[in-house]
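Okay, so here's the structure we're looking at.
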């Protein structure tokens, strides 16, 4: 008989808070201390849960099977520039792509739906998923459907898991001193568009989520400079600050970012000011951070810029031996340490 | 610009109901008409979403990659015989196993957690997942954590997706006339135990969910009679009646079941009567239906019975050319047609 401690609220017991799901330090601590405990990898080659990367990489013969999973809880489900269906496909395709797996074998789609949800909304979401699959050259191969009672779930949750083969895996931990940091597009569009829509800011015409599958763009970068791309990550929850901090910590290098080089559109900059948010901390769903050996940086930059989703790509910084595991922002007047947000300030952002 | 129909309730529009998530005919109709539409398979070899099987099978070289996904919304999350963590691992391992993929490459674990959820409950669930992984010889390789606000989700949802390699895939559509139908254990334990716990029936000591990973048992069956196993399925939501009806329809055979041969424990039979439920319609999480060529049936029966989870295994019926696509129950006094339930009568059963 299993020992079963009492169920229900217990005084002084710790509880999960919104920041634990927000992609920042609090979430990583929860995963490291509770969820990944006991699942440490025995192998040094394969990338598993303990690596806390965007997905796992498993050896099959002489190739890698890359696997990644994401549950999407975004609110509202229809937003400027996309919806939960497009997000679910793009989010998973991008997690595969930043690990170097740009040819998707298949995606799964598991929906949990609140009783009373409209069939017409379900069809609209399904249509978006199909469209995003077409853009990514991917297909949904299997699924699951659950229904919860009215009031037991706010709307709909979609989990998408993706599997893809890769000849070589790119992790988020491979940066070396001297590597250049590329950012494929402007930051903040997704989170700010969503927040503006929630607050009724009336900027919906100008603000749109960047949500898009990036595997085509990343394939182009990889094809341009095979072996020269040392690390990749998509700065979703926690934003660019979280993604770069994680890459610096795992790679044991410092990263110096030139503030003026980071693309932010004027409308996002304005809206972020109105909302009191820092674009560096805001979720993105259509850009990637790419670490490149210095001699290949210009070629990769040109290749990404030639892609429709990469026209604003910029070299935003450089890795250094100084300040290992730190993210430094060069403002033009001086340098300051950037700290990872405790949690993304916006709940249900993806 | 995407054309965006009005958001929000629309009069006379159809809405999702609990029965759409209940594993019966209503759910299959929803999936066929809405969710799988536009994702029809072009290939005849691979098993994809349109096959509505327990998972997908994708060719990699000369082997099959089997992929399956399930979101677990069970209530209560701790129940006699298990919890949501054990269920999440066993459910996905079993879906892989009934497709012939008994060696799990990896599982993903994506949790959506309500704000305020106890850390100690999370640890307890995590412990169950580890234990079930050990039983199945499986490991969690990657995960995702999202948090929803208080009142936006009732507790916790866990999605587990599994990937496994198989040399040959077993579908749920391969039955031929003459094949024998084996059931590896008694039916109704999971659903009845859960329902008794919810209603406070006071039978918890005797009623326990059968939730368990079956890949070891199924491997033994496959090893005993390679090629003689023609179809498998685990009778979860919708129960044995739904599973057999689906197998009969897809295989285009009739299935005649001998009522007296179907194992049901006395306590489940009594509790089902008190609750007004039919064990044939109740979810199971630790038994499988196996279709076997007649000459191998006794050998497979003996092999399964020698496994600790298969001691009550029985041959419960035979496939026939008569009544194609129908499930017939032989009661000993006469025969009657069994219809698939519209939906499993118990919401949030898995």
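The numbers here are math on the coordinates, done by the rules we state, and not lab data. This one's a predicted model, so the numbers in the text were calculated from it and none came from an experiment. FYI the Cβ positions are ideal-geometry reconstructions off the backbone, even for glycines, and counts take in every protein chain you see.
Here the relative contact order of the range B:2-166, from alpha carbon pairs under 8 Å that lie six or more residues apart, stands at 26 percent.
Per-residue shielding of A:160-167, expressed as the average number of other chain Cβ atoms within 10 Å of the residue Cβ, stands at 4.
The order of the peptides B:178-186, A:236-244, B:163-171 by mean Cβ neighbours within 10 Å, most packed first, is A:236-244, B:178-186, B:163-171. Summary value for chain A: 23 percent relative contact order, contacts being C-alpha pairs under 8 angstrom separated by 6+ residues. Sorted shortest first, the distances from the residue A:324 label point to those of the same residue in the other copies are 7.1 nm; each point sits 7 Å from Cα along Cα-to-Cβ. With the simple spin-label model, which puts each label point 7 Å out from Cα in the Cβ direction, the residue B:50 to residue A:331 separation comes to 5.9 nm. Once a ≥ b ≥ c are taken as the square roots of the eigenvalues of the Cα gyration tensor of the range B:92-225, is the result rounded (a/c under 1.5), prolate (a/b larger than b/c) or oblate (a/b not larger than b/c)? Note, shape of the range B:92-225 comes out oblate. If a/c stays under 1.5 just call it rounded; otherwise compare a/b with b/c (prolate if a/b is bigger, oblate if not). Do that for the range B:180-338, with a ≥ b ≥ c from the square roots of the Cα gyration tensor eigenvalues. It comes out oblate by the Cα gyration axes.
Explain nothing, just the number: relative contact order of the range A:180-338, from Cα pairs under 8 Å at least 6 residues apart, as a whole percent.
Values: 336 pairs, mean separation 67.8, N = 159.
Worked out over the range A:180-338, it gives 43 percent.
Mean residue ellipticity at 222 nm, helices only, the protein assembly as shown: -8000 deg cm²/dmol; runs of at least 4 DSSP H residues each add -39,500 (n - 2.57), and the sum is divided by the number of residues. For the segment A:117-127, counting C-beta atoms of other chains within 10 Å of every residue's C-beta and taking the mean gives 6. Here A:20, A:190 are placed in order of increasing Cβ neighbour count within 10 Å, fewest first, which gives A:20, A:190. Inter-copy label distances at residue A:276, using a point 7 Å along Cα-to-Cβ, come to 5.4 nm with the shortest given first.
Where a ≥ b ≥ c are the square roots of the eigenvalues of the C-alpha gyration tensor, would you call chain A rounded, which needs a/c under 1.5, or, failing that, prolate if a/b is larger than b/c, or oblate?
Taking the square roots of the gyration eigenvalues as a ≥ b ≥ c, chain A is rounded.
Roughly how many whole Å is it from the C-alpha centroid of the range A:277-350 to that of the range B:77-154? Cα centres, the range A:277-350 to the range B:77-154: 34 Å. Inter-copy label distances for residue B:335: 8.4 nm (label point placed 7 Å from Cα along Cα→Cβ; shortest first). Averaged over the residues of peptide A:76-85, the number of Cβ atoms from other protein chains lying within 10 Å of each residue's Cβ is 1.
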